[in-house]
Structure formats: structure tokens, C-alpha cells
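Report on the following structure.
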Number of protein chains: 2
Amino acid sequence: MAKKVLIVYAHQSVASFNAAAKNVAVEVLSTKGCTVEVSDLYAMKFQASATVEDITGDVKDTENFRYAEETKLAWEEGKLSADITEEQRKVNEADLIIFQFPMYWSTVPAIMKGWFDRVLTLGFAYSQDKMYSNGMFKGKKVMLSFTTGCHESMFTENGISGDINVTLWPLQNGILYYCGFQVLAPQIFWAPSLISSEERKAMLEAWRTRLQGLLEEEPLGFTPLDCFDE
Amino acid sequence: MAKKVLIVYAHQSVASFNAAAKNVAVEVLSTKGCTVEVSDLYAMKFQASATVEDITGDVKDTENFRYAEETKLAWEEGKLSADITEEQRKVNEADLIIFQFPMYWSTVPAIMKGWFDRVLTLGFAYSQDKMYSNGMFKGKKVMLSFTTGCHESMFTENGISGDINVTLWPLQNGILYYCGFQVLAPQIFWAPSLISSEERKAMLEAWRTRLQGLLEEEPLGFTPLDCFDE
Ligand SMILES: Cc1cc2nc3c(=O)[nH]c(=O)nc-3n(C[C@H](O)[C@H](O)[C@H](O)COP(=O)(O)OP(=O)(O)OC[C@H]3O[C@@H](n4cnc5c(N)ncnc54)[C@H](O)[C@@H]3O)c2cc1C
Ligand SMILES: Cc1cc2nc3c(=O)[nH]c(=O)nc-3n(C[C@H](O)[C@H](O)[C@H](O)COP(=O)(O)OP(=O)(O)OC[C@H]3O[C@@H](n4cnc5c(N)ncnc54)[C@H](O)[C@@H]3O)c2cc1C
Ligand SMILES: [Zn+2]
Ligand SMILES: [Zn+2]
């Protein structure tokens, strides 16, 4: 069956290494027969901040505006802003979502954090009884693909920044697995600006090879919800 | 000596629990003789996304716009946008910075992530040889003060979300300690919307008490830079 892929992409420049990584993914996955959509956040001037303007029409509690509760109501009533609704459609249709970004302060750039905050709303992406292994998106795969400015050596267990898996835990467990997604191993392009042009080309070739079998990869293991009391 | 405090605050509503926590901090610290400034990010409509507009005038490389390098140059030449320059002035003057926010997806809301991305620029906040224990802001203290939606029990070592210290590692180590700040223990208000009004009042009283001695608190320990090869 033909698969649908969404690439949520955050870089300001079409000549960047991130752009190259995104383009390789579009090319390989399209060639394999996938339908690929790209949300190019900077080009879309994607709004990052969660505000009352994300709800069209009146909000329920104007005195104490509570974002999660108000967007849940708005989602139920089809009153979320057009840009959020459009991203939610893309998520619904996707079998696989790839987040492509340069690491900014140990996590995603603010514009992509805004995508998480605004698109993954209560009701749509999770609820009291739909989370983790029982999460809303358990039929979908997801992965982080990112570049860094520093070398891999800074991100080992004894490195100054600690194990990269610790740094990625809030993203991979706290957001993606929380919503039920099957999280594939991250694709990490270490310090593309500190290496030679040949090494960069080799990194992109390795990515090209991985993309060939990406849809068949097994997800990372997280502890299933049933192991916990609450 | 009278201390200067900056509170970077991110909540949409003046009636929120976050607003109450911020107001208590302003009140107690002012009474103690501190000068307190507040950056109310939503009220300021603070721009979250890192774009070419953060540099006034021409950029050096228009073909491949590289945010860190371009903002470093702009900072050296006094060409950063007015909003960034103003926040950098506040940081320079502050002895203590408190970040007050509701936890959004295991970290700060996008608007506050945008503050980190855009204000803590290369050259101003860190450089090749100024980071961690040798960091730019080693004379300043900083702390996270935040609310959650879920109970503390989800954030224990065996809880489904893992130890809260793991979740906070990218923020406290990857951003704050990276820039040299002395990081005070976080102030965590667990699930204010799930408890009684009396319990909320008690939480704010405990905060009031802590604030009395905050400036004398010892920072958290992180491994000093000299223990690592690179
Ligand atoms: C606010 C901020 C916070 C940051 N925080 C962190 C952090 O916490 N940790 C960290 O490690 N880093 C951090 N960085 C650094 C950042 O992660 C890197 O600058 C970024 O990942 C580099 O990716 P890029 O796509 O921008 O590289 P680019 O600079 O665009 O590309 C690198 C090189 O690849 C070349 N290239 C482009 N296309 C191709 C191609 N097709 N084939 C071969 N070569 C090509 C480019 O010409 C360039 O020479 C931060 C940067 C900023 C701005
Ligand atoms: C996009 C998004 C992502 C989220 N991700 C997470 C997550 O990863 N983990 C998590 O745990 N939670 C998460 N949440 C939930 C969020 O952290 C909580 O909703 C938030 O922390 C609650 O704080 P608040 O200030 O908004 O509370 P409010 O709802 O404003 O306040 C709670 C109660 O306190 C009352 N109050 C206000 N002032 C006072 C006062 N002076 N004295 C006594 N009572 C007062 C209010 O009236 C209200 O009844 C997320 C929410 C959103 C929108
Ligand atoms: Zn190195
Ligand atoms: Zn509970």
C-alpha cells in the first residue's frame, strides 16, 4: 500500500545542510511511491506562540484563558484556526512523520516547538485515557532527523552534555511516545559545518540508504503504560 | 548590595496560577529591596522564531543564512533587532533570572523557547572558550519556576514520564549551565488545577517563604568542564 509521509521542516535557508537532508528524503520516498508533504515552517511563517487567536470566535472563559481546555473545545466544534486545522489534517493522513531541524539549545527550534504546542492539541493528539502505548497515534511512525553544531563526543554518557538519549527523552518520550507514535531511531547529522564536503556527502548517502528501508524499521522500545499504577 | 532580578514570564492570562506565582515573586523581592523587571512575553507579543529579521541591515551570507554566525556579527556591530538588544540589556543587569511558565510538552512554551533561541546569541551568551563552569554568566543565578498539568507521581524515576531531573536536563544543563549560570533548584507547582483552593494557597505561601532566602541559596552541582577532554 502506498504510504503517506509528512516532513515537518524548520530551516531558514534553502542552501543549508538541513534543506539537503529534507530534499533527499522527499526524493527517495517519492521514488519509492510514497506521497510526501512538506510543512516548511519558516516559509509558511508558521505562528509559534499559543494564543487566544488560535480559536476562531468566542472562547469559553475570557477571564482565565486556559489554552488546553479552550483548544479542546474549539477542536470539537471545528473552531481551531485554519493553520492548525491544516496541520492536523496532514498528521491524520500521514503514516510517517519526519521532523527535520537543526538542534537549537538541545532541542527543536522555537518555531517547531510551536508546531508541537499548537498542533498536538488535547482531544486531537491525546486525552485522559489515550496516551503512551494506548495513544492516539499508535498506528503512525515518527522520527527526529537533525543536525548539530558540536561533535558526537560531547554527547556521550561521560561527555559534558550527557548521553544524547537523555537530551532527546523529553522530545521522544514526553511528546512523541506520549501521543502514541512509534518512534524510530533518530537520524543525527553530527556537526556538518565542522567536517569536509566529502564527509557531508557521505552522511547524505547514508541517509539515502537508510530511507530505502525506513518504513520497515522497528520502533524504539519505551516502557508500556500498563507497567505503571497511574 | 541591592540585587537586580529579571522575571521572564510566559502565560496568556493575568488570572492564571502562573500570574499569581509571578506576582508573589515581584512582591516579595521588591519588599526585600531588589529591583525587579518582568518580561511578560505574551503581553510583549515576543517574537519566537529566529529569522533574518533579527538582524537590522544586510546579512553577510544571503545564500546560506546561518543564524548563529549572523547574530554573532550583528551583536558585535550593534545590529541585532531592538527587542533582542533590550532583553540582552536586562540579562546583563540581572543578578538573578527567574523563568516562570506552565510546562508545555515537557519543557518551556514555544514563546519562551524563542527567548532562549533569540536572546542567548553566540558571542553574547557563549563562545568557543566560554561555556559551562567557565561560562559567560557565571556571576549570575537563574532558576526555573513552573506549573504542571500532571501529578508529581508521573515524574518519579519509575513513573511513566521518568525522573523530572531527566526531563529538565536539556534546559538546566544544556541551556542554563552551558551559559555559565548558577542554576538554583527548580520551583515546581504540581498540578495546580487538580488540587483545592487551600492547597494552591499553601503552595504560594511556600513559594513566598522560599523567595525570602532565594538569593542566598546554593546552586545545583553540575560536573565542571575541566573533567572532560574537550
Ligand atoms: C539558537 C541556536 C542554538 C543552537 N544550539 C545548539 C545545541 O544545543 N547543540 C548543538 O550541537 N548545536 C547547536 N547549535 C548549532 C546548530 O545546531 C548548527 O548550526 C546546525 O545544526 C547546522 O546545520 P545547518 O543545516 O544550519 O548547517 P549549514 O551551515 O547550512 O551547513 C553545513 C555545511 O553543509 C554544506 N551543505 C549544504 N548542502 C550540502 C549538500 N547538499 N552536500 C554537502 N554539503 C552541503 C553547507 O554549505 C555548509 O558548509 C545552535 C544554533 C543556534 C542558531
Ligand atoms: C500545549 C500544552 C502542553 C502541555 N504539556 C504538559 C506537559 O508536558 N506536562 C504537564 O504536566 N502538563 C502539560 N500541560 C498542562 C499545563 O502545564 C497546565 O495546564 C499548566 O501548568 C497549569 O498552570 P496555569 O497557570 O495555566 O493554571 P491555571 O489553570 O491558570 O490555574 C489553576 C488554578 O489555580 C487558580 N488560581 C489562580 N490564581 C490563584 C491564586 N492567587 N491563588 C489560588 N489559586 C489561584 C486558578 O483559578 C485555577 O483554578 C500542557 C498544556 C498545554 C496547553
Ligand atoms: Zn570538537
Ligand atoms: Zn492523577
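Quick notes on this one:
- Some residue of region A:47-69 being open to solvent by 40 Å² or more (accessible area, probe 1.4 Å), more than 14 Å from chain B (Cβ to nearest Cβ) and under 25 Å from A:G180 (Cα atoms): no
- Those helices (runs of 4 or more DSSP H) of region A:31-126 in which at least 2 residues are away from ligand 1 (no atom under 16 Å from the Cβ) and among the β-branched types (V, I, T), considering only elements entirely within it, cover A:82-93.
- Applying the condition of being within 9 Å of ligand 2 (Cβ to nearest atom) and not in a helix (DSSP H, G or I) to region B:188-206 and asking which residue is surrounded by the fewest Cβ atoms within 10 Å (Cβ to Cβ) yields B:I195.
- Region B:1-38, residues that are open to solvent by less than 40 Å² (accessible area, probe 1.4 Å) and in contact with a Cys (Cβ under 6 Å, 6 or more places away or on another chain): B:V5
- For region B:70-82, the set of residues classified as open to solvent by 60 Å² or more (accessible area, probe 1.4 Å) and within 14 Å of another protein chain (Cβ to nearest Cβ) consists of B:K72 only.
- Any hit, region A:97-116, residues being touching a His at 6+ places or on another chain (Cβ under 9 Å), open to solvent by less than 10 Å² (accessible area, probe 1.4 Å) and more than 14 Å from chain B (Cβ to nearest Cβ): yes
- Residues of region B:147-178 classified as away from ligand 1 (no atom under 16 Å from the Cβ), part of a helix (DSSP H, G or I) and within 23 Å of B:M203 (Cα to Cα), total: 7
- Pairs are defined by a Cβ separation below 6 Å, a sequence spacing of at least 6 or placement on different chains, a first member in region A:1-26 that is without any contact (Cβ under 8 Å) to a residue 12 or more places away in the chain, and a second member that is within 11 Å of ligand 1 (Cβ to nearest atom) and not hydrophobic (A, V, I, L, M, F, W, C); the pairs so defined are A:S13/B:N64; A:A15/B:E63; A:A15/B:N64; A:A19/A:H11.
- Residues that are free of Cβ contacts under 8 Å to residues at least 40 places away in the same chain and either acidic (D, E) or within 9 Å of chain A (Cβ to nearest Cβ) (or both) within region B:28-46 comprise B:D40, B:K45, listed in sequence order.
- Members of region A:128-181 found to be within 16 Å of ligand 3 (Cβ to nearest atom) and open to solvent by 50 Å² or more (accessible area, probe 1.4 Å), listed by number: A:G149, A:H151, A:E152, A:S153, A:T156, A:N158
- Residue check: A:Y132 meets all listed conditions (1) within 16 Å of ligand 1 (Cβ to nearest atom); (2) within 12 Å of chain B (Cβ to nearest Cβ) but one, namely (1).
The values are calculated or read from the model by the stated rules, or taken from the named source; none is laboratory data. Keep in mind that this is a model prediction, so the values were computed, not measured. Cβ sites come from the backbone with ideal geometry, for glycine too, and all protein chains shown count toward neighbours. Note: accessible area is taken over every heavy atom of the protein model, side chains too, but ligands, DNA and RNA are not part of it. Shrake-Rupley method; radii C 1.70, N 1.55, O 1.52, S 1.80 Å.
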